[in-house]
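No lab work stands behind these numbers, since they all come straight from the coordinates. Predicted model only: the values in this text are computed from it and were never measured.
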Amino acid sequence: MAKRDKKHARRRGRQPRLNPRRKLSNAKLPQRSQLAYDRALHVLASMRRDPKLSLTHAAKLEGVKRETVKKYFSSTLKESHGNSE
């Protein structure tokens, strides 16, 4: 029974894992960040409508930096296998 207690003691000391796909709530962001988030979302929509559109070009069309798009939607960009870098 001592082995079992040690095993459970180690488990209790662990930190809970963070969800790598946690979603940022747009409502919790400051207004300026909400606007940037919305523009970044429009970049993704443009890229989905036109598969030949690069991330850089779509970001320029929407008036947002590509780094901003990557900040909010990095996992979405990694999932697609197009020109999303």
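Our coupling estimate for the stretch 44-56, obtained by passing each phi through the Karplus curve with A = 6.51, B = -1.76, C = 1.60 and θ = phi - 60°, is 4, 4, 5, 5, 6, 5, 10, x, 7, 6, 7, 4, 4 Hz, Gly and Pro reported as x.
Net length available on complete extension from S75 to L61 is 2.9 nm, with 0.36 nm assigned per residue and the Cα-Cα distance removed. With the convex hull drawn over the C-alpha atoms of the stretch 28-80, the volume per residue is 70 Å³.
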